[in-house]
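Worksheet: the structure to be examined is printed underneath.
The values are calculated or read from the model by the stated rules, or taken from the named source; none is laboratory data. It should be emphasised that the depicted structure is a prediction, and the values quoted were computed from it without experimental measurement. Here the Cβ is made from the backbone with ideal geometry for all residues, glycine too, and neighbour counts use every protein chain on show. Quick note on the areas: whole protein, heavy atoms, side chains included, nothing else; ligands and nucleic acids left out. Shrake-Rupley method; radii C 1.70, N 1.55, O 1.52, S 1.80 Å.
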Amino acid sequence: MRRGRLTGYWLMLPAGLWLAVFFVIPFYSLLATSLYDPEGSVLTGYDVGYRFANFVDVLQEFWRPLLRSLTYAGIATLICLVLGYLLAYAIAFKAGRWRTLLLVLVIAPFFTSFLIRTLSWKLILADDGFIVDALQTLHLMGENDRLLATPVAVIAGLVYNFLPFMVLPLYASLEKIDGRLVEAAGDLYASPSRGFLKVTLPLSMPGVVAGTLLTFIPAAGDYINAQLLGSTNQRMVGNVIQDLFTDTGDYAAAGALSVLLMVVIVAMVMVYIRKAGTEELL
Amino acid sequence: MNGLQRASRWVSDHIVLAGGLLVLVYMFVPIAIVMLMSFNDNSESRNVYAFRDFTFSNWTNMCGPDGMCESVLRSIGIGLAATLVATILGTLAAFALVRHNFRGRSVMNTVIFLPMASPEIVMGSSLLALFVSGGFGGRLGVVTIFIAHVMFCLSFVIVTVKARLSGLDQNLEQAAMDLYASEATTFWRITFPLVFPGIAAAALLSFSLSFDDFIITNLNAGQTVTFPMYVWGVAQRGVPMQVNVIGTIMFLISLALVLGNMFATRKKA
């Protein structure tokens, strides 16, 4: 392009500044907050310090919700992967001219309030709702067993809410696959299942990696599902951080727990990407 | 034998499609229930999780519950403002990233992905930490919500517009220039109309992200109540059925807009 050499900077500047001031710098503020002396309060002010013991304290006190968040998010991501792959595969290879419409239908629920959809699950899983009734009639559940306020309900909510984040990247990478490669496998006497395992699945790995990350990361930080569909026994780390900030006002602990969550997630993502062998992806 | 093979082929072909459609149906069950409950008459009962009687009164008396419509209007206002700013800044940035070579471009390309890959609770608490340490802890409200919303919408706008812009055939612009169109004329008559569907999609996405955000907003809102915060508040004591009316309207409007954008894009492409 033959425009002025500075045009690029000027175009990038406003958005870049916004992200620098309100996205990058806040991480430093969070880090500073997490090292505050917890003796202070929001009202009297904190002594800025380097109290690394805060991390040990929150880990001792809140390792359960942290571990629970990672477990729930992990299980939900696996279920999303199975359901999402099925849906993305069906749209990419079996839907014919209905492709675009089906894709729009995948995105459509995403445009309806997250909270209202989650409350709707509360109704579906309610004690006198049709699912509990049906399971009790089939004797798969005892008379007094519940679905609400169990890990099952929270994980079901997470699966539901983050499924589109799995489907879209999976679809994007499945759609790019050259159908002739799968045909070639068939011509060389590979059974359809073998053709899928040896050709389609490996070629869709970038979508699998992107989809699992886009599902796992928000699911691990979510606390809406745990709050609305679970009980205090299903509290996730997000619930704890939120309460520490707004109810207890313990900014130092909240900051430390937030930093810890971010560090754990970044570490897991890096190991995962290395294992999945798609470093060129990022 | 051939018939049997063909039959098993047919089944395996359609099992995948049926499975996929079943997943899609599953995605719509909660929305169907929201629509159904918008016609629920629960005036006789305190149980908001069961359908009692059919009524239109939730629709005719939409703003019945205290504070609900105010929160909806507030969310719409914040959503429009955040969308406007994020769409303009994001579109400029997308042009910079696709059309210009500048130092730091690859860093920016990475930075714009990070907000999409960070948990909301971490972004929300970081921003709160910034506001509090900057002395704005007592002044959280509409402005801090707006700042947060522009921040997380920007990435989505940049990515969406970038995708449209890099798929653009630059020969069309070359042709316009060859026919003695000035740079400005070429931009407004050729480039902008071709990129517009991407910008429209980005704006739509921004608005719904902003309107729907809860986790980041809740941390940075102070005493201000947006619609998702209203729903969160009433969820503890019993949701008025009118919430389902708002949910239904949101769903129908966004479906219409998404379908409209899809057909518009298809016609132009």
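General remarks:
- Entry remark, region B:153-171: residues being touching a residue at least 24 places away in the same chain (Cβ under 8 Å) and either surrounded by fewer than 14 Cβ atoms within 10 Å (Cβ to Cβ) or not in a helix (DSSP H, G or I) (or both) number 2 in total.
- Within region B:84-96, restricting attention to residues that are within 7 Å of another protein chain (Cβ to nearest Cβ), open to solvent by less than 40 Å² (accessible area, probe 1.4 Å) and hydrophobic (A, V, I, L, M, F, W, C), the residue that is farthest from A:Phe27 (Cα to Cα) is B:Phe95.
- Residue match in region B:10-19 (condition: modelled with pLDDT under 90, polar (S, T, N, Q) and assigned to a helix (DSSP H, G or I)): yes
- Against the test of being open to solvent by 70 Å² or more (accessible area, probe 1.4 Å) and within 26 Å of the chain's Cα centre (by Cα), the options B:Leu24, B:Leu73 yield a single qualifying residue, B:Leu73.
- Whichever residue in region B:94-108 is assigned to a helix (DSSP H, G or I) and among the small types (Gly, Ala, Ser) and, among such residues, is nearest to B:Ala201 (Cα to Cα): B:Ala94
- In region A:70-118, of all residues being more than 9 Å from chain B (Cβ to nearest Cβ) and of a type in the set (Val, Ile, Thr), the one that is farthest from B:Leu204 (Cα to Cα) corresponds to A:Thr71.
- The lone exception for A:Ala149 - which of (1) assigned to a helix (DSSP H, G or I); (2) surrounded by fewer than 20 Cβ atoms within 10 Å (Cβ to Cβ); (3) hydrophobic (A, V, I, L, M, F, W, C); (4) touching a residue at least 40 places away in the same chain (Cβ under 8 Å) it fails: (1)
- Condition broken by B:Asn220, with the remaining ones in (1) over 26 Å from B:Leu257 (Cα atoms); (2) surrounded by fewer than 23 Cβ atoms within 10 Å (Cβ to Cβ) satisfied: (2)
- Residues (outside any helix (DSSP H, G or I) and open to solvent by 70 Å² or more (accessible area, probe 1.4 Å)) located in region B:172-182: B:Leu179, B:Tyr180
- Criterion: open to solvent by 60 Å² or more (accessible area, probe 1.4 Å) and assigned to a helix (DSSP H, G or I) - qualifying residue of A:Glu183, A:Glu143: A:Glu183
- Counting only residues that are at the interface with chain A (Cβ under 9 Å from one of its Cβ atoms) and surrounded by fewer than 17 Cβ atoms within 10 Å (Cβ to Cβ), region B:237-260 holds 2 of them.
- Subset of region B:104-152 that is charged (D, E, K, R) and more than 28 Å from A:Leu158 (Cα to Cα) - its residue that is most open to solvent (accessible area, probe 1.4 Å): B:Arg139
- Close pairs (6 angstrom Cβ cut-off, 6 or more residues apart or separate chains): within 7 Å of another protein chain (Cβ to nearest Cβ) and over 19 Å from A:Ile116 (Cβ atoms) in region B:18-35, open to solvent by 60 Å² or more (accessible area, probe 1.4 Å) and not basic (Lys, Arg) anywhere: B:Gly19/A:Leu86; B:Gly20/A:Leu86; B:Val23/A:Leu86
- Test: residue in region A:155-165 that is open to solvent by 50 Å² or more (accessible area, probe 1.4 Å) and within 18 Å of the chain's Cα centre (by Cα): yes
- Number of the condition not met by B:Ala200 [criteria: (1) closer than 22 Å to A:Lys122 by Cβ; (2) open to solvent by less than 50 Å² (accessible area, probe 1.4 Å); (3) touching a helix residue (DSSP H, G or I) at 6+ places or on another chain (Cβ under 9 Å)]: (1)
- Across region A:267-279, a minimum of one residue is classified as more than 10 Å from chain B (Cβ to nearest Cβ) and open to solvent by less than 20 Å² (accessible area, probe 1.4 Å).
- If the condition is being more than 9 Å from chain B (Cβ to nearest Cβ) and out of contact with any Leu (no Cβ under 8 Å at 6 or more places or on another chain), then region A:119-134 contributes A:Phe130, A:Asp133, A:Ala134.
- Inter-residue pairs, beta-carbon under 7 Å, first part of a loop (DSSP other than H, G, I, E, B) and in region A:115-131, second of a type in the set (Ser, Thr, Tyr), 6+ apart: A:Ala126/B:Tyr49
- In region A:236-257, of all residues being facing another protein chain (nearest Cβ under 8 Å) and of a type in the set (Ser, Thr, Tyr), the one that is surrounded by the most Cβ atoms within 10 Å (Cβ to Cβ) corresponds to A:Tyr251.
- Here B:Phe39 meets each of (1) open to solvent by 50 Å² or more (accessible area, probe 1.4 Å); (2) modelled with pLDDT of 85 or more; (3) farther than 30 Å from B:Gln236 by Cβ; (4) more than 25 Å from the chain's Cα centre (by Cα) with one exception, condition (3).
- Options A:Gly207, A:Gly195; residue that is touching a residue at least 40 places away in the same chain (Cβ under 8 Å), open to solvent by less than 40 Å² (accessible area, probe 1.4 Å) and either within 25 Å of the chain's Cα centre (by Cα) or over 30 Å from B:Phe156 (Cα atoms) (or both): A:Gly207
- The residues on offer are A:Phe130, A:Phe110, and the sole one that is under 21 Å from A:Tyr72 (Cβ atoms), at pLDDT below 90 and open to solvent by 20 Å² or more (accessible area, probe 1.4 Å) is A:Phe110.
- B:Val258 vs. criteria modelled with pLDDT under 90 and β-branched (Val, Ile, Thr): yes
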